[in-house]
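Data block below; observations after.
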Amino acid sequence: MPIHYTDQLSLVKVLLERQLSGSRGSVSECEQIERLVKSLLANHVLDQRTKDILTDIYEYGQKGKYTQKLDEHIENHQDQLVQWVNEIGQFS
């Protein structure tokens, strides 16, 4: 049974918060972010603003998945991570 899009948004938010928490991020988390966001982007219920934010998050996850320096990638995106967490909090 597929999970509802609001649950998917909540999971993305939790994963982004983990990236912010100071604990070492993992490639697995980036892959999960990428998969969840890809699924969300296929949802026709979401408005364009939400899809634009999700597209940015998807790119973050994709780049994080392939980077050799994941900690640096996360650190370079701290401000965006905070912004995305806040925005997703407003959606869900």
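What follows is calculated from the coordinates using simple rules that are stated; it is not laboratory data. Quick caveat, the model's predicted, so the values are computed rather than measured.
Go ahead and estimate [θ] at 222 nm for the chain from helices alone: -39,500 (n - 2.57) per DSSP H run with n ≥ 4, summed, over the residue count, rounded to 500.
Numbers: 5 runs with 71 residues, N = 92.
Rounded to the nearest 500, the figure is -25000 deg cm²/dmol.
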With N residues in the chain, what two-decimal value do you get for its Cα radius of gyration over 2.2 N^0.38 Å? 1.00
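The stretch 45-86: percent of C-alpha pairs farther apart than 16 Å?
Values: 326 of 861 pairs.
In whole percent, the long-distance tail amounts to 38.
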Any helix of the chain counts here only if DSSP assigns it H throughout, its Cα atoms span 18 Å or more along the axis, and its mean Kyte-Doolittle hydropathy is at least 0.0, and such helices are 5-20, 27-41
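Kindly count the pairs of lysines across the chain whose alpha carbons are less than 17 Å apart, treating pairs on different chains or eight or more residues apart as eligible. Don't skip to the end; give the middle numbers.
Details: 13/38; 13/51; 38/51; 38/63; 38/65.
Taking the Cα cut-off of 17 Å, the pair count is 5.
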